[in-house]
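Taking it in order: structure first as structure tokens, then the write-up.
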Amino acid sequence: MRHVVITGGNKGIGLALTQKFVDNGDRVIIVARDFSNQERFDYQNHPQVQCIAFDLSEVEKLPQLVAQIDQVDVLINNAGLLQPITYKNYPDDRMDYSLNLNLIAPVKLTTMLEAKLTAPSDYTPRVVNNASIAGQIGHPDIWYGIAKAGLINATKAFSKAFQGKIIVNAVAPSPTETDLLQSIPEHRQKAFLRNTISGRFATAQEVADTMFWLATDSPEYINGVCIDINNGSLPR
């Protein structure tokens, strides 16, 4: 039985991951800003699940979050937010929010949880980061793209720093069928679809299945890798 921490584990890709780990018999701590999506989330009272309400953008309070986590074998840095703001009209507070949530929080969480991840366990500890194609090709939400590019870099940096004691990988999905998809203007959605092989977006389940594999059964030689999940798309 693994002990798993999933940020943003109450909706979208994170919820699909929660379901997979619970079905696998693992214990899951979900960290999310709120748990108001009751119509889709029914793990509040599940015996294998602990829910911690925490705003990850408040990075100065992360030690308070880490203090609530006693044991962890797998850290899934999944929480993220895309903002429909262009570089010309980006308020400083929204820039700070994007960088804190999408980059600084996962980097600091990984750092702060290192000792707990490497505590004696039946499992080799793993970290899986949910990055984005935005970090590879650029994005109109410039600070989101910058943050995701940084998260891919952090994945590689941590894997080298940990020297195999913790396996660290990432995924870089293109637009996925979650609530976040609604933040992307329709003309950009159509451009993505034109350039995919299957003519559709990824499902949350497909991304979750890949992240679950990296968190559990992928060979340990796969380390410091970012797996593209974009169906051959080359959006402009």
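A short reminder: the numbers here are calculations on the coordinates, not readings from a lab. Remember, it's a predicted structure, so these values are computed and weren't measured experimentally. Reconstructed Cβ throughout: ideal geometry from the backbone, glycine too, with neighbour counts over all protein chains shown.
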Item to complete: Collect residues whose amide H, placed 1.01 Å from N in the peptide plane, falls under 5 Å from the amide H of A79; neighbours closer than 5 in sequence don't count.
Response: T7, G8
Worksheet, complete the sentence: For 57-67, 5-15, 95-105, ranked highest to lowest by mean beta-carbon neighbours within 10 Å, the order is 5-15, 95-105, 57-67
Worksheet item: Can you pull the Kirkwood radius for segment 1-114, inverse mean 1/r over Cα pairs, to one decimal in Å?
Response: 14.7 Å
Discussion item. Among L109, L214, L75, which one shows the highest mean-square fluctuation when the chain is modelled as a Gaussian network with alpha-carbon springs under 10 Å?
Written reply: L109
Practice prompt. Would you mind checking K116/K156; K11/K156; K20/K88 for any pair whose Cα atoms are more than 29 angstrom apart?
Written response: K20/K88
Worksheet, complete the sentence: Here the relative contact order (percent) of the chain, from C-alpha pairs under 8 Å and at least 6 apart, is 20 percent
Worksheet item: Of all the Cα-Cα pairs you can form in segment 51-93, what percent are over 17 Å apart?
Response: 51 percent
Response to the item:
Hull surface over four for the Cα convex hull of segment 1-61, reported in nm², is 4.1 nm²
